[in-house]
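Notes for the one structure printed next.
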Amino acid sequence: MGLLTQGHPLDWEETKKYAQFIREHGIEQFIHIYKKLKDRRNDCLKWGDEVEFLMVRFDHEKKKVQLVLKAHEILSTLMEPENNNPDDCVTLWRPEYADYMIEGTPGKPYGYLPVHFNMVEANMRLRRQQGQQLLGKDEYVLSTSNFLRNGCPDFTWPVYKPTPSTSASASLFFPDEVIFPDHPRFKTLTRNIRMRRKSKVAFHVPLFIDKNTPRPFIENLSIYGHENNANESTPIKDHIYLDAMGLGMGCCCLQVTFQAQSIDEARFLYDQLTPLTPIMLALSASSPIWRGYLADTDCRWNILCAMVDDRTPEERGLEPLKNERFRLYKSRYSSVDCYISPDSAMYNDIEIVQDGDAFRKLIEHGIDHLLAQHVAHLFVRDTVTVFEEKLQLDDTQDTDHFENINSTNWQAMRFKPPPSNSDIGWRVEFRPTELQMTDFENAALVTFIVLLTRAIMTYNLNLLIPISNVDENMQSAQQRDAVLNQKFHFRKCLSTVKTPDTPCMASVQKTLLQDNECEHRLMTINEIINGSNEFVGLLKIIQDYLSNIEVDADTRCTINQYLNLISKRAAGTLMTNAAWMRYVVTNHSAYKHDSVVNDEITYDLLWKMKKISNGEEECPKVLPRMSSKTTLDISAAVEKENELEVKRSLINHYNNQE
């Protein structure tokens, strides 16, 4: 969720007075970080995942399931090991936006050893178990991106009613009591975004039209206290209406952060991973149901963008610019707008709105055009939360003003400078992936993206396409059954002059020599992942990389099972979570083919997901037979790796002697 500063938060009227102050000091802080650490080199590869679980309560008698508002009760217990012994934790826990969410990460980042891939699933499973142990009877930890009936009447336990006239979001559906209560940032952020925007956030999700869906479908919002003159609350035909930050930020996701060895490598990774963001979004699709209705989309991304959209009418282009500085074309939650490495500049083909004063200052202090443009583009935004105690800071020692804006630009990729006075290096965060119902799937997606980054760096690959095509791909990725039915812009030739001549890479070179009229073309997910006669496929590159490093047998077994899942999902022989959820709903005996997902259907679907995630039931439509060798104890493999490292050193020593 970003920076979690403690203190007294200011309301919007006070916050906006400090907007320029925080921008100016945020730029000063970035300049200081850059000058101090731009030459930092040789940080080791570290990486880690972030899983946001949700907690539910099953009422077996009424066949109803609700979100459990318990995060404020159990997080202190989950965080005890870190508080007592921060250097020796297996897991770390943080609050998230909603009181039904708990966010877990590994206690320590994973490193360069291949055996670390064998720990990911086991650590995720441990996190699930740790949360589960603190819940009551008929309460369970689940991993899925969106609760099917979030925003429906009585969707939480305890039950609270929305109060649109007094709540932070003014939502018809989402009570303030659902927001995590033990940190002031979340409710303040909600209220300040609405106040800055000068209206409620709002989004209309396309409805899936079934044979018995009323035509036209127009929601009756009067039961929620809807006022006819509230333009933002006016339903539109064949759409599901959403109106609260919590209906977006209350979704769960799967994110991966990488530490690079230098700022240059971090910028390279940021750019190379950007074209992959829509591909992973489509592969991980798991959000086909909103407020108890089947949607005609499969992902949460556009909903998130809309639910934190703080742009005023002027910034959205609805009114002429008068009081605002810029026309802003996207929400502060959005796809990436520009590449940041000098070699990528030619692919920045959309207008980059940027703070001119910030850009000039960054350039004056020796920061190159591409990185200065990226930071100045982030700083067109106002801060939306300010803590009174954190206004006056030492810009040479603190980074809170920079992070205040950097961490509330929720883009598909995030470039993360080192924190002040820490041993953490330059990092990038991969943010689009939807959460899956099993630890196996989540581990598979994480492993795939991390292995791909290693192959990209090892083989000096180039995945860049025009940034406008990435935007187009992000919209395609969210369509219903995008894995099967959509095509995506993707680079045809991934090799560069620095790419080694392995058999796998040679086939890529051949493509370049035979077909040089255009760098990219439209491909299916199957072609991108599994390859075709004209494209090598990302899995073949990963397998080539794995064949050239030493991997212990258990880890290779686990990795192969993960890659098998990715391959079959891309080919359409295994369903995405979204497609499977839609299948279960439309084949349920209580479903009336009217687009409505009622309490009974929700209960049965989530109970099935609970059993599948706990290994009590198989799901062959979504999962292969799972028997990975994942384990938290990798000591034997590490010892063997250390022995091999000693042998390599001795061989190098003797070779040098000769």
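The values are calculated or read from the model by the stated rules, or taken from the named source; none is laboratory data. What you see is a predicted model, and the numbers here were worked out from it, not measured in a lab. Cβ atoms come from the backbone with ideal geometry, glycine included; neighbour counts cover every protein chain shown.
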Evaluation of ASN485 against (1) without any contact (Cβ under 8 Å) to a residue 24 or more places away in the chain; (2) farther than 23 Å from ASN564 by Cα (one fails), failing number: (2)
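Per-residue answers, yes or no, for (1) surrounded by fewer than 16 Cβ atoms within 10 Å (Cβ to Cβ); (2) polar (S, T, N, Q); (3) in contact with a helix residue (DSSP H, G or I) (Cβ under 8 Å, 6 or more places away or on another chain):
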{"position": "PHE326", "(1), (2), (3)": "yes, no, no"}
{"position": "ARG332", "(1), (2), (3)": "no, no, no"}
{"position": "PRO342", "(1), (2), (3)": "yes, no, yes"}
{"position": "GLU351", "(1), (2), (3)": "yes, no, no"}
{"position": "ALA358", "(1), (2), (3)": "no, no, yes"}
{"position": "LEU362", "(1), (2), (3)": "no, no, yes"}
{"position": "GLY366", "(1), (2), (3)": "yes, no, yes"}
{"position": "GLN373", "(1), (2), (3)": "no, yes, yes"}
Some residue of the stretch 292-301 being buried (at least 20 other Cβ atoms within 10 Å of the Cβ), aliphatic (A, V, I, L, M) and on the phi < 0 side of the Ramachandran plot: yes
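Take the conditions of a type outside the set (Lys, Arg) and in a loop (DSSP other than H, G, I, E, B) and apply them to ASP382. Does it pass? Talk me through it step by step, then tell me what you get.
On the way: of a type outside the set (Lys, Arg): yes; in a loop (DSSP other than H, G, I, E, B): yes.
When the stated conditions are applied, ASP382 passes them.
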Condition met for THR91 (under 30 Å from ALA455 (Cα atoms), buried (at least 23 other Cβ atoms within 10 Å of the Cβ) and touching a helix residue (DSSP H, G or I) at 6+ places or on another chain (Cβ under 8 Å)): no
From the options ASN560, ASN533, ASN526, residue that is surrounded by fewer than 16 Cβ atoms within 10 Å (Cβ to Cβ), in a helix (DSSP H, G or I) and on the phi < 0 side of the Ramachandran plot: ASN560
Filter result (within 26 Å of THR524 (Cβ to Cβ), part of a loop (DSSP other than H, G, I, E, B) and not hydroxyl-bearing (Ser, Thr, Tyr)) within the stretch 568-593: GLY572, LEU574, MET575
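Could you list all residues from the stretch 612-638 that are outside any loop (DSSP other than H, G, I, E, B) and loosely packed, with under 13 Cβ neighbours inside 10 Å?
Our first condition is that a residue be outside any loop (DSSP other than H, G, I, E, B); within the stretch 612-638, this holds for 612-613, 635-638.
Correct list: SER635, ALA636.
Can you confirm whether the stretch 35-51 contains a residue that is of a type outside the set (Lys, Arg), touching a Phe, Trp or Tyr at 6+ places or on another chain (Cβ under 9 Å) and in a helix (DSSP H, G or I)?
First, the residues of the stretch 35-51 that are of a type outside the set (Lys, Arg): 37, 39, 42-45, 47-51.
When the remaining residues are screened for being touching a Phe, Trp or Tyr at 6+ places or on another chain (Cβ under 9 Å), the result is 37, 43-45, 47-49.
Of the ones still in play, those that are also in a helix (DSSP H, G or I) are 37.
Within the stretch 35-51 (the criterion being of a type outside the set (Lys, Arg), touching a Phe, Trp or Tyr at 6+ places or on another chain (Cβ under 9 Å) and in a helix (DSSP H, G or I)), the answer is yes, since at least one residue qualifies.
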Failed item in (1) assigned to a helix (DSSP H, G or I); (2) touching a residue at least 60 places away in the same chain (Cβ under 8 Å); (3) over 23 Å from ASP298 (Cβ atoms), with LEU565 passing the rest: (3)
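Name the residue that is farthest from HIS25 (Cα to Cα), counting only residues in the stretch 323-362 that are in a loop (DSSP other than H, G, I, E, B) and aliphatic (A, V, I, L, M). Steps first, please.
Within the stretch 323-362, the first condition is being in a loop (DSSP other than H, G, I, E, B), and the residues that meet it are 323-332, 335-341, 348-355.
Pick out the ones that are also aliphatic (A, V, I, L, M) and you get 328, 336, 340, 350, 352-353.
Numbers: LEU328: 22, VAL336: 24, ILE340: 22, ILE350: 28, ILE352: 22, VAL353: 20 Å.
Only one residue fits best here, namely ILE350.
Report yes if HIS401 is buried (at least 20 other Cβ atoms within 10 Å of the Cβ) and in contact with a His (Cβ under 8 Å, 6 or more places away or on another chain), otherwise no. Before you say what the answer is, go through the steps one by one.
Values: buried (at least 20 other Cβ atoms within 10 Å of the Cβ): yes; in contact with a His (Cβ under 8 Å, 6 or more places away or on another chain): yes.
Spelling it out, HIS401 is indeed buried (at least 20 other Cβ atoms within 10 Å of the Cβ) and in contact with a His (Cβ under 8 Å, 6 or more places away or on another chain).
Please find, within the stretch 476-500, the residue that is modelled with the lowest pLDDT out of those that are surrounded by fewer than 16 Cβ atoms within 10 Å (Cβ to Cβ) and farther than 18 Å from LEU452 by Cα. It would help to see each step written out before you state the result.
Step one: list which residues in the stretch 476-500 are surrounded by fewer than 16 Cβ atoms within 10 Å (Cβ to Cβ), which gives 485, 487, 496-498, 500.
Checking the rest, the ones that are also farther than 18 Å from LEU452 by Cα come to 485, 487, 497.
Details: ASN485: 98, LYS487: 98, VAL497: 80.
This residue is VAL497.
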Top-ranked residue of the stretch 385-399 - restricted to ones that are part of a loop (DSSP other than H, G, I, E, B) and more than 26 Å from the chain's Cα centre (by Cα), ranked as nearest to MET195 (Cα to Cα): LEU391
Single unsatisfied condition, MET1 versus (1) buried (at least 18 other Cβ atoms within 10 Å of the Cβ); (2) of a type outside the set (Val, Ile, Thr); (3) modelled with pLDDT of 95 or more: (3)
Long-range neighbours under 7 Å by Cβ, at least six apart or interchain, first residue touching a residue at least 24 places away in the same chain (Cβ under 8 Å) within the stretch 382-397, second among the acidic types (Asp, Glu): VAL384/ASP310; LYS390/ASP400; LEU393/ASP400; ASP395/GLU28
Residue within the stretch 21-33 that is of a type in the set (D, E, K, R), assigned to a helix (DSSP H, G or I) and either modelled with pLDDT under 95 or surrounded by 21 or more Cβ atoms within 10 Å (Cβ to Cβ) (or both) present: yes
